[in-house]
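Here the structure comes first, spelled out in structure tokens, and everything after it is commentary.
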Amino acid sequence: MVEHNGQIIVGGFYPDFNGFTDRNLQGWDGLNHYLIGDAFDQPSERVEALTTLNTDLIAAGREITHGHIARWDGIQWSAMDGGMNDRVYCMTLHNGELYAGGLFTIAGGIAAPISQSGPVRTGRVSAVD
């Protein structure tokens, strides 16, 4: 869950949320639920992490169309830097750059290093595509 442009954005893995039947990613304006484009909307897809970067919403998880990480500019979803080759479980911003962790071995077309703390692989996604 993240606040984005004064709205609450909820992501996860669900067939409906509070009676609103769109899957896995939706917004709430304080009165109504609403759909946010067409990413993460298939039964096998799920949102694992949400954040904002400048004025864009970033969603990551299991979503093949956009490479498991996507940017919402308020009009449409787009892949970020070519995406990842497998799931993204977490992300954070540091010094204006977006960092992600997950099962991927390639991030933005570049091999991602394996973390020293276990089987989760980590890589960097540039803050600018």
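Please treat every number below as a calculation from the coordinates, not as lab data. Not measured: the values here are computed from a predicted model. Neighbour counts run over all protein chains shown; Cβ positions are idealised from the backbone, glycine included.
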## Note on the structure
Expected sort for His94, His4, His68 with the fewest Cβ neighbours (10 Å cutoff) up front is His94, His4, His68
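Please compute the length gained on full extension between Asp29 and Gln7, using 0.36 nm multiplied by the number of residues separating them and subtracting their Cα-Cα distance.
Details: separation 22, 0.36 × 22 = 7.92 nm, distance 0.50 nm.
Value of the extension gain: 7.4 nm.
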### Task
Would you grab the residues whose amide H sits under 5 Å from the one on Asp86? Only those 5+ places off in sequence or on another chain, please, with H modelled 1.01 Å from N.
Phe104, Thr105, Ile106
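Going by how many other beta carbons lie within 10 Å of each one, how would you line up Trp28, Trp72, fewest first?
If I rank by nearby Cβ atoms, fewest first, I get Trp28, Trp72.
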#### Entry: Near-label residues of segment 65-102 by backbone N, under 20 Å of a point 7 Å along Cα→Cβ of Ala111
82-87, 100-102
### Query
Could you put Met84, Met91, Met1 in order, starting from the residue whose Cβ has the fewest other Cβ atoms within 10 Å?
Met1, Met91, Met84
